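Structure first, commentary second.
The values are calculated or read from the model by the stated rules, or taken from the named source; none is laboratory data. This one's a predicted model, so the numbers in the text were calculated from it and none came from an experiment. We place every Cβ from the backbone using ideal geometry, glycine too, and count neighbours over all the protein chains shown. Remember, those area values only see protein heavy atoms, side chains included, never the ligands or the DNA or RNA. Shrake-Rupley method; radii C 1.70, N 1.55, O 1.52, S 1.80 Å.
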Amino acid sequence: MNQNRTSAYSFFNCIEKNFDKAARFLSIEKGLLEQIKACNAVFRIHFPVKIGKEIKVIEAYRVQHSHHKLPCKGGIRYSIKVNQDEVMTLAALMTYKCAIVDVPFGGAKGGIKIDPQTISSENIEKITRRYTSELIKKNFIGPGIDVPAPDYGTGEREMSWIFDTFLSLRSGDVDALACVTGKPVSQGGVRGRKEATGLGVFYGIRELCHVKEEMDFVGLDLGLIGKKIIIQGLGNVGYHAATFFHEAGAIIIALAEREGAIYNEKGLNVSKVFLHLKNTGSILNFPEAKNIENTEKALELECDILIPAALENVIHRNNANRIKAKIIGEAANGPITPEADEILEKKGVIIVPDIYLNAGGVTVSYFEWLKNLSHVRYGRMEKKFSENMNAELLQVIETICNKKISKEEKKIILRGPREIDLIRSGLEDTMINGFHKIRDLKKSSKIENMRTAAFVLAINKIIDSYEKLGIFP
Ligand code: NAD
């Protein structure tokens, strides 16, 4: 099946190919590998929605890739390009992603084939609510069954509607809040979810840039300061990643959106660009940058790190040879086709794979789910206790040293953990651990690249689950 002009493989085949490369490093029974690869359940539906005076038939999906752990977990995408192959692939990626970052879920994904930019918010709400009720009817949503989250084209607003629809049809379910993550904080969301994927991307790349051996391999200095970065897609993931890189002293030299890209060798101020985008509806004509009309060309500019954070298959056999980045961080799902992967590997580019790098979203979604099930905000029980303990400790230190600590220093030292502090520390720890587990495995098993090592790590963990679970006779 050739679904796109840029690759000989369908999107799902691309994942299978990566999986098979990793399977070479494992001696596992073929049947079990086939079971791990296959999508366990595919729900495809058409439903009518009245838009204005017309009835429109909407095509939608929910795919549960793996039931080895429940609930299943994965975002919902609104895009006119949504199709079964794409949703199946994204669901599969979720399974491997969850395994890598020790999130105890099976992978899932949903999609509705609409262009949200051309539909009013009232009609998006109607479609979202109808989709949710179809998922409920077929038992494809629920705190212990399948828990959606935001993805391309969706955000907090849609997650709120999903929760509200679920609650109205499952009234009295005390755990209803945990049926979906990525909700606004006022609706049971967790602080730090919105920026989690972008922050996870930042943590992952920062970790790589602090490994001397890796930086020597691509001829770069240690650390993020001064690194030249290009980001494609200024949506949820791209915008937050850009902000964190900018704040850490990296130089964002180009940003690419649908309508074109902007470039400034000396660096772009991300928040100013975002303000310009909000005010004018486009990143183009930003006063401190040059326009690049063909947005794809931005990927080919000279830089240290390229972060595709929009959609799949954007780096393919036709442009891979022209990519000049030394490191590519896959913030989007599946931005590099298998053909491009091979070309880039030969060129010595380090690719930090999506199944690890964009796992920050599902990690914090997991924290949100735990919060919803425990019905208490993170930090609520221990914040004041920690502050009191810190105050007593400080007093003892001041007495012993016979020295007073300044008010400002005290404020920093005494502070107990707030929800956002705990979420970010959990995310940082997860991303750092994930990076080193992949890298250690790559080195110890002499695996050629991070993607294959990440797949080996994920498959091993899933196999372990199946072995402990047994196969139902
Ligand atoms: P989003 O809808 O918030 O943003 C996507 C952005 O990409 C939009 O601004 C859009 O205009 C832009 N875009 C679309 N086509 C483009 C093109 N051809 N060139 C340049 N820009 C283009 O979506 P998002 O949530 O940021 O997701 C982006 C990617 O990250 C997707 O692949 C998604 O699956 C993946 N992802 C998202 C999350 C999450 O938490 N949202 C988690 C993991 C992975």
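If each residue of separation counts as 0.36 nm, what is the full-extension length gain between residue 409 and residue 50 once their alpha-carbon separation is subtracted? List each step's numbers first, then the result.
Values: separation 359, 0.36 × 359 = 129.24 nm, distance 6.01 nm.
Result: 123.2 nm gained on full extension.
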Worksheet item: Share of the chain's accessible area from carbon and sulfur, percent, 1.4 Å?
Response: 53
Worksheet entry | the chain: Cα Rg divided by the 2.2 N^0.38 Å rule of thumb | 1.00
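I'd like the trypsin sites (Lys or Arg not before Pro) in segment 403-473 restricted to DSSP loop residues with at most 13 other Cβ atoms within 10 Å, sorted by number.
On the way: sites: 403, 404, 407, 410, 411, 415, 418, 424, 437, 439, 442, 443, 446, 451, 461, 468; in loops: 403, 404, 415, 418, 446.
Answer by residue number: 403, 404, 415, 446.
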Worksheet item: What list of ³J(HN,Hα) values in whole Hz, one per residue of segment 303-311 in order, does the Karplus curve 6.51 cos²θ - 1.76 cosθ + 1.60 (θ = phi - 60°) give from phi, with Gly and Pro shown as x?
Response: 6, 8, 10, 10, 10, x, 10, 10, 9
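Counting DSSP beta bridges in segment 41-187, what percent are antiparallel, to the nearest 5? Don't skip to the answer; put the middle values down first.
Working: 17 of 27 bridges.
The answer is about 65 percent antiparallel.
When the Kirkwood hydrodynamic radius is evaluated over all pairs of different C-alpha atoms of segment 41-187, what value in angstrom, to one decimal, is obtained?
Working: mean 1/r = 0.0662 Å⁻¹.
By the Kirkwood definition, the hydrodynamic radius is 15.1 Å.
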Worksheet entry | Centroid-to-centroid separation of segment 122-155 and segment 262-308 [C-alpha atoms, Å] | 34
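Count neighbours as other Cβ atoms within 10 Å of each site's Cβ, and list the GluC sites (Glu not before Pro) in segment 251-299 that are DSSP loop with at most 16 such neighbours. List each step's numbers first, then the result.
On the way: sites: 257, 259, 265, 288, 293, 296; in loops: 259, 265, 288, 293.
Those that pass, being in a loop and sparsely packed, are 259, 265, 288, 293.
How much length, in nm to one decimal, is gained on full extension between residue 271 and residue 20, taken as 0.36 nm per residue of separation minus their Cα-Cα distance? Could the numbers behind the result be given before it?
Working: separation 251, 0.36 × 251 = 90.36 nm, distance 4.20 nm.
That pair, residue 271 and residue 20, stretches by 86.2 nm at full extension.
Could you report the chain's accessible area per residue, 1.4 Å probe, as an integer in Å²? Don't skip to the answer; put the middle values down first.
Working: 21010 Å² over 473 residues.
Value for the chain: 44 Å² per residue.
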